[in-house]
Amino acid sequence: MAGEAKKMNRAQKTVLCNLVIVLLTLAMLAYVLFQFFVLKKIPEGLAGRFLPPVVLILLGGSLLVWALKRQSPREVETDERDKLIANRAATTFLISAWIVFPAISVIPRFILGDNGCITAWLLPLINVGALIIIMMVYSIAILIQYGWGDRNGK
Amino acid sequence: MAGGTGMENNQLKNQIRRLRFENGEMTQQQLADKAGVTRQTIIAIEAGKYSPSLTLAFRIARTFGVRVEDVFEYVG
């Protein structure tokens with residue numbers, strides 16, 4: 001991992017960092033929902049309630065420091081290739097938004113039927129879910145264009 | 001040299017690796033710093049995975065003190 005990481009530039013590391021933070025947040029959310037809805041218990045004590053977010057903040061902070069650390073004192077932040085990759089990823093972002101948002105709007109109809117109802121607080125949650133999916137598509141699009149750390153490029 | 005990434009079949013051959021070693025075994029990072037790009041871009045150009053813009057091609061050639069056609073060759 002250290003060798004691969006050394007080959008990554010700041011843009012790659014930032015995107016990888018975003019992806020890991022999103023996945024960690026989703027894992028933490030799943031853990032909290034599991035406790036609430038399956039085990040039906042609320043975590044007790046300060047450690048039980050605040051340990052997951054504190055761990056997430058510490059891990060996220062460490063990843064950000066790693067991503068923003070320069071490889072060389074004269075290292076440029078972005079160049080023409082980074083901009084080209086970012087533009088292509090932005091196109092992927094827009095295309096996936098056009099696909100994911102309508103798809104996610106239709107899914108409740110298939111689950112609940114034509115006359116089904118959902119509570120109002122689920123709507124923003126569904127939209128945030130769609131946004132997370134699109135952000136992950138954007139990050140993966142960037143990483144794929146870089147070749148997952150340019151492992152063949154040396 | 002339209003500036004392309006990744007997956008296209010590149011027809012641009014380059015002599016960057018040879019020129020780096022002929023110029024005091026210059027590292028990819030040193031060349032990147034002099035050309036004003038990231039090391040990953042130099043790696044991609046050297047491997048033929050990215051076609052640089054004309055401006056960058058001239059900057060790389062100027063770093064080695066040679067003409068741009070001494071660095072890049074179009075294999076049609």
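The values are calculated or read from the model by the stated rules, or taken from the named source; none is laboratory data. Here the structure is a predicted model, which means the values were calculated and not measured. Heads up, the Cβs are rebuilt from the backbone with ideal geometry, glycines too, and the neighbour counts pull from every protein chain shown. Areas reflect the complete protein model, heavy atoms only, side chains present, ligands, DNA and RNA absent. Shrake-Rupley method; radii C 1.70, N 1.55, O 1.52, S 1.80 Å.
Observations on the structure shown:
- Inter-chain Cβ neighbour average for residues A:80-93, partner chain, 10 Å: 3
- Values of log10 I(q)/I(0), in the order q = 0.12, 0.25, 0.26 Å⁻¹, for region A:84-154 under a Debye, Cα-only, solvent-free model: -0.45, -1.06, -1.10
- A simple rule links phi to the HN-Hα coupling: the Karplus curve 6.51 cos²θ - 1.76 cosθ + 1.60 with θ = phi - 60°, which for region A:115-122 gives 9, x, 10, 10, 6, 4, 5, 6 Hz, with x for Gly and Pro.
- Taking the centroid of alpha carbons for each part, region A:36-85 and region B:11-76 are 35 Å apart.
- Accessible surface area normalised per residue over the protein assembly as shown is 61 Å², counting heavy atoms of protein chains with a 1.4 Å rolling probe.
- Hz values of 3J(HN,Hα) by residue in region A:88-102 - Karplus curve (6.51, -1.76, 1.60), Gly and Pro given as x: 5, 5, 5, 4, 4, 4, 5, 4, 5, 5, 5, 8, 5, 4, x
- Annotation for region B:24-76: trypsin sites (Lys or Arg not before Pro) lying in DSSP loop with at most 15 further Cβ atoms inside 10 Å of their Cβ are B:ARG67.
- Amide H contacts of B:SER51 (H built 1.01 Å from N, under 5 Å, at least 5 apart or other chain): B:GLY3, B:GLY4
- Portion, in percent, of the accessible area of chain A that falls on carbon or sulfur, probe 1.4 Å: 73
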